[in-house]
1. Pairs to check: Lys99/Lys144; Lys99/Lys215; Lys86/Lys186; Lys38/Lys125; Lys6/Lys243. Give those whose C-alpha atoms are more than 28 Å from each other in this structure.
2. Mind checking the dipole of the chain: about its Cα centre, +1 per Lys or Arg Cβ, -1 per Asp or Glu Cβ, Debye to the nearest 20?
3. Distance in nm between label sites at Asp150 and Glu45, each 7 Å beyond Cα in the beta-carbon direction?
4. For the chain, give the percent of accessible area contributed by carbon and sulfur heavy atoms, probe 1.4 Å, rounded to a whole number.
5. Cα-based Rg (one decimal) and Dmax (whole number) for segment 152-272, in Å?
6. Can you order the peptides 10-16, 246-252 by their average number of other Cβ atoms within 10 Å per residue, highest first?
7. Roughly how many debye, to the nearest 20, is the charge dipole of segment 144-209 about its Cα centre, given +1 on each Lys and Arg Cβ, -1 on each Asp and Glu Cβ, and no other charges?
8. Return the percentage of antiparallel bridges among DSSP beta bridges fully within the chain, rounded to the nearest 5 %.
Amino acid sequence: MRIGQKEFAVKGHTYVMGILNVTPDSFSDGGRFNDLDKALYHVEEMISDGMDIVDIGGESARPGYTIILPEEEEIERVVPIIEKVKSRFDIPISLDTYKAKVAQSGIAAGADLINDIWGLKYDEKMAEVIAEAGLPCCLMHNRKEPDYHDYMDEVLEDLKETLVIAKKAGISDDKIILDPGVGFGKTYENNLEIIDRMEMLHKLGYPLLLGCSRKSVIGLTLDLPVSERLEGTLVTSVYAVLKEAMFVRVHDVKENLRAIRMTQAILREEKP
């Protein structure tokens, strides 16, 4: 899969997507990088640590967050960062947004991938914007409420609905990545199960991205604050390799990359 100027293997390797939140209120690092210079320094730092792609987000999606940021304000946050990163660094850029107008502005500024936490279901124009740009996209499973009768089967059905929207708009199969949506529309138990059974999503035939970095499922399991969830995140990155995910989306690039490389080395040694 081509993202920006880089070719990514769909199978056999797990890449690292580094998180850059240019928000004052993100659950993990809100306010740390919403200054342009600090944001650019952090991108440079993550590139040095081995990041393969940077994911830029301008609106908090932290647990309990319900206020929808006006499109223009979100655009004002992300577009200058995208433009500067594109001009200074040779790194593919993912834009984390579920709003078509923001995506359109981000694409014009240089975004190479659209990461939609609502799987094209929030903004009916989003699929069309992505299709017209010919960009790859990451489409996440999400629900307003974690109300399930047959959990894993319903996750698959929800994602199939997303795929129908994508295909109707003209987004080609080779430009789609799916995200099981850990922390979104799921209970604590649901989150653990989707990580453990993520391989079921391979039935749909698309590469996967796993995003667990510092999330509440780790905090609840280990009874730890956001600042102490690195080890738990590393375990989920190892799981991503074992479940043959294409990407992990993380805050701590260097440590997660080391865990991934070690896991991949062991798995290669096991093969004849």
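The values are calculated or read from the model by the stated rules, or taken from the named source; none is laboratory data. All values derive from a computational prediction rather than experimental measurement. For neighbour counting, all protein chains shown are included, and Cβ atoms are generated from backbone atoms with ideal geometry for every residue, glycine included. For the accessible areas, the whole protein counts, side chains as well, though only heavy atoms, and no ligand, DNA or RNA atoms are used. Shrake-Rupley method; radii C 1.70, N 1.55, O 1.52, S 1.80 Å.
1. Working: Lys99/Lys144 17 Å; Lys99/Lys215 23 Å; Lys86/Lys186 35 Å; Lys38/Lys125 33 Å; Lys6/Lys243 23 Å.
Correct reply: Lys86/Lys186; Lys38/Lys125.
2. Details: 33 positive and 48 negative charges, 115 e Å.
With only Lys, Arg, Asp and Glu charged at Cβ, the dipole is about 560 debye.
3. It works out to 4.8 nm between the two label points.
4. Working: 6200 of 12600 Å².
Heavy-atom surface of the chain belonging to carbon and sulfur, 1.4 Å probe: 49 percent.
5. Answer for segment 152-272, Rg first and Dmax second: 15.3, 44 Å.
6. Working: 10-16: 16.3, 246-252: 24.7.
Highest to lowest by the protection proxy: 246-252, 10-16.
7. On the way: 8 positive and 15 negative charges, 80 e Å.
Magnitude of the dipole: close to 380 debye.
8. Percent antiparallel among DSSP bridges in the chain is about 5.
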